[in-house]
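Notes follow once the structure below has been shown.
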Amino acid sequence: MKAFFTDEQLLHDPQQFMRLGRICKPTDLPSRAHALRDALALRGIALAEPRDCGRAPLEAVHSADYLDYLETAYALWRELEVPGVEPGIEVLPNLSPYYNGAPGVARAPCPSPSLVARTGYYISDLSCPLGPHTWRSILRSAHTAVAAADAVLESGDAAYALCRPSGHHAHRDRAGGFCYINNSAIAAQRLWERHGRMAVFDVDAHHGDGTQNIFYARGDVLTVSTHADPSGYYPFYTGYAHERGVGAGEGFNLNLPLAHGADNAVFLQAVDQGAAALREFAPKALVLALGFDSYKDDPISVLKLDLDAYRHIGERVGALKLPTVIVQEGGYMVEAIGPALDNFLRGFQAAR
């Protein structure tokens, strides 16, 4: 299996995020990538450097105004001059404008040129700080997903994208939940350009709200997400079973929310249900959004999976025998994510 990563993805080094009204130490640490890289090395899987393909693949999914903001915000932030106030060490929003756009429908660019206004418009929460190297890291993380998709297009087999930062909470024009650019959606769009019928299967602990939003009005991309019940868990506002798509996309979005405390058996039953939907849809290729924050000891988990669960998830996804791009999403217990990836790959490769 080919795998892709670049050390430039380590440059994003967030210093803060807010949880329950407190500024906390970040959980999306560069050390996450080190742990995953070590797990691949133990399996004899070498990491290749993705080529720099610029913004073009991102623009197939994200709006140009949003990408312009991400690319320039930090430099502009450092230049802000507000009497009596020194800008913080990272770009963070201090307002949250009401958004009433329909899922799958593009909204207009931010109507105000103010950087403060644009920050509130394009960043939905306080978990997505923009630091001096964030743009370069998220751009190269997206390139990692592009490289994996291109490898799958060439081989018809599978490839792994060690994406960091993660991406599945990123909407067309909005960051959230540690995510800035939707790597899974970019890989899916890349595969769609060849195959024309695609699926994204998200097995992270959190609902892939950004991915759902991007494809919600499309009938040529099936999105399936197994995740903790969002009524009491991020992203809160989407991820419910009644959300099935709109317009041409009606019936092509499937959410499988699970009660908090769900164990291996419950989660795997949902994975089986998702796999059945994939078989019925019969996509030409698959993007798997793979997260390990469902692990029982993960610092932000509300699910109770043990490490063996990931081997079973790998077996079920591998048994679909589809050309597959595996895109890394969450997982914040550094000591566990390496063994979790190893277990997943053992199950996935055995079932192929």
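What follows draws every value from the coordinates through simple rules; no lab data is involved. Source: prediction; values computed, not measured. Cβ: placed from backbone, ideal geometry, glycine included. Neighbour counts: every protein chain shown.
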(request) Give me the distance between the Cα centres of segment 135-197 and segment 1-76, rounded to whole Å. (result) 11 Å
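Rounded, prolate or oblate: which fits segment 2-351, taking a ≥ b ≥ c as square roots of the Cα gyration tensor eigenvalues, rounded meaning a/c under 1.5, else prolate when a/b beats b/c? Let's see the in-between values first.
Details: a/c = 1.45, a/b = 1.36, b/c = 1.07.
Rounded is the answer for segment 2-351, as its axis ratio a/c remains below 1.5.
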(message) Once you order the gyration tensor axes a ≥ b ≥ c over the Cα atoms, which shape class does segment 30-179 get: rounded for a/c under 1.5, otherwise prolate or oblate by comparing a/b with b/c?
(response) prolate
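What is the antiparallel percent of DSSP beta bridges lying wholly in the chain, to the nearest 5? Present the calculation step by step, with values, prior to reporting the outcome.
On the way: 7 of 39 bridges.
That works out to approximately 20 percent antiparallel.
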(request) Report the FRET efficiency, 1/(1 + (r/R0)^6), for T72 and H195, where r is their Cβ-Cβ distance and R0 is 35 Å, rounded to 0.05. (result) 0.50
(request) Sort 79-87, 41-49, 174-182, 235-243 for me by packing, meaning the mean count of neighbouring Cβ atoms within 10 Å per residue, highest on top. (result) 174-182, 235-243, 41-49, 79-87
(request) Describe numerically, in nm with one decimal, the distance between label points set 7 Å from Cα along Cα→Cβ at N94 and at V116. (result) 0.6 nm
(message) For segment 234-352, compute Rg over Rh where Rg is the Cα radius of gyration and Rh is the Kirkwood radius from the inverse mean 1/r over Cα pairs.
(response) 0.96
(request) List the chymotrypsin sites (Phe, Trp or Tyr not before Pro) within segment 1-96 that fall in a DSSP loop (any state other than H, G, I, E or B) and whose Cβ has at most 14 other Cβ atoms within 10 Å. (result) none
(request) Enumerate the amide H contacts of Y234 below 5 Å, restricted to partners 5 or more residues apart or on another chain; note that Pro and chain-start residues carry no placed amide H. (result) none
(request) With unit charges on the beta carbon (Lys/Arg positive, Asp/Glu negative), name the residue among V271, Y332, H207 whose Cα is farthest towards the positive pole of the charge dipole of the chain. (result) V271
(request) Kindly put M1, M18 in sequence by how many other C-beta atoms sit within 10 Å of each C-beta, fewest to most. (result) M18, M1
(message) List the residues, sorted by chain then number, that are 5 or more residues from R19 or on another chain and whose placed amide H is less than 5 Å from its amide H.
(response) C24
(request) Would you mind computing, in nm to one decimal, how far apart the modelled labels at V85 and D306 are, each placed 7 Å from Cα along Cα→Cβ? (result) 5.2 nm
(request) Averaging sequence separations of C-alpha pairs under 8 Å and six or more residues apart, then dividing by the length of the chain, give the relative contact order as a whole percent. (result) 18 percent
(message) Give me, ordered by chain and number, the residues 5 or more places off A48 or on other chains with an amide H under 5 Å from its own placed amide H.
(response) A3, F4, F5
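Hey, what number do you get for the chain at 222 nm if only DSSP H runs of n ≥ 4 count, each worth -39500 (n - 2.57), divided across all residues, to the nearest 500? Walk me through the intermediate numbers first.
Numbers: 10 runs with 128 residues, N = 352.
Result for the chain: -11500 deg cm²/dmol, rounded to the nearest 500.
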(request) Treat each spin label as a single point 7 Å out from the Cα along the C-beta direction, and report the A319 to A248 distance in nm. (result) 3.4 nm
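Between A276 and H133, take the C-beta separation as r, use R0 = 45 Å, and let me know the FRET efficiency to the nearest 0.05. Provide the component values of the computation, followed by the final result.
Numbers: r = 43 Å, r/R0 = 0.95.
Once the sixth-power term is evaluated, E becomes 0.60.
In this model, which of K284/K304; K2/K284; K296/K321 are farther than 23 Å apart at the alpha-carbon?
Pairs exceeding the cut-off: K284/K304; K296/K321.
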